[in-house]
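Asker: Okay, handing you the structure first.
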Amino acid sequence: MFAMKNLGRALVLVAAVITCALPAAAQQKRTSPHETVGTAIDGNRITIVYGRPHTKDPETGAIRKIWGDLVPYGKIWRTGADEATLLITQQPIELGGAIIPAGAYSLRMLPTEGKTTLIVNKQIGQWGISPDPKRTYDEALDVARIDLKKDVLKDPVDQFTISVEKDPAGGGVLKLTWEKTQFSTTIKVKK
């Protein structure tokens, strides 16, 4: 029990350092606001830090087509803007059926017209684009690839939004919403 408390404290400290260091490490000007979201699910704190791009072009104000255009099909996307999206979990979780150990990870997506895959990767703190692809994403460091459920929304969502929601029956749901599409997967705490 003492070791678990120390691990939890260490993870929170690492998350705080990373969250504070990411803006300083960014070599480019941010064009999107950033947000930290999280919740406690079954006694485990899950936190996500990410950039929230808008559907509207930040320079022209023109409405952009997101899926299949700004976020091309068949290419890995950083799941937000600027730095790679950060997932922090204090305890092991089951995300869409895949076991994710306690720790900090980047989240990426591989969208296609059919299915979309969430990628959980050990590499964190990287900026979204680089001339050297291994600096922004190294497939060898993948922890899991998870097929996401896709739903069409009635009303469009202008700003990319990630939420972590509790399920009253236990566990929770990770939701990624933008334009008229919502992707989701289940979250369970491993005991």
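Asker: Multiply the residue gap between T112 and L70 by 0.36 nm, knock off their C-alpha separation, and tell me the result in nm, one decimal place.
Answerer: Values: separation 42, 0.36 × 42 = 15.12 nm, distance 1.29 nm.
Stretched fully, the T112-L70 segment lengthens by 13.8 nm.
Asker: Now for a separate question. Kindly write out, for the range 106-117 in residue order, the coupling ³J(HN,Hα) from the Karplus curve 6.51 cos²θ - 1.76 cosθ + 1.60 (θ = phi - 60°), rounded to whole Hz, with x marking Gly and Pro.
Answerer: Karplus-based 3J(HN,Hα) across the range 106-117 equals 8, 10, 10, 10, 10, x, 9, 5, x, 9, 10, 10 Hz.
Asker: Could you state the orientation-averaged shadow area of the convex hull built on the Cα atoms of the range 52-191, in nm² to one decimal? Kindly include the intermediate steps, with their values, before the conclusion.
Answerer: Values: hull surface 36.3 nm².
In nm², the orientation-averaged hull projection of the range 52-191 is 9.1.
Asker: Nothing charged except the Cβ atoms of Lys and Arg (+1) and of Asp and Glu (-1): what's the magnitude of the dipole of the range 113-191 about its Cα centre? Round to the nearest 20 debye. Numbers along the way, then the final one.
Answerer: On the way: 14 positive and 12 negative charges, 82 e Å.
That gives the range 113-191 a dipole magnitude of about 400 debye.
Asker: Now a separate question. For the range 154-169, just list the computed ³J(HN,Hα) in residue order, Karplus coefficients 6.51, -1.76 and 1.60, θ = phi - 60°, integers in Hz, with x standing in for Gly and Pro.
Answerer: Ordered by residue, 3J(HN,Hα) equals 5, 10, x, 10, 6, 10, 3, 9, 10, 9, 10, 10, 6, 9, x, 7 Hz.
Asker: Could you please state how large a percent of the accessible area of the range 90-191 is carbon and sulfur, counting protein chains only and using a 1.4 Å probe? Present the calculation step by step, with values, prior to reporting the outcome.
Answerer: Details: 2620 of 5070 Å².
Carbon and sulfur: 52 percent of the exposed surface of the range 90-191.
The values are calculated or read from the model by the stated rules, or taken from the named source; none is laboratory data. Please read these numbers as outputs of a predicted model, since none were measured by experiment. Positions of Cβ are backbone-derived with ideal geometry, glycine not excepted, and every protein chain shown enters the neighbour counts. Only protein heavy atoms, including side chains, enter the accessible area calculation; ligands, DNA and RNA are left aside. Shrake-Rupley method; radii C 1.70, N 1.55, O 1.52, S 1.80 Å.
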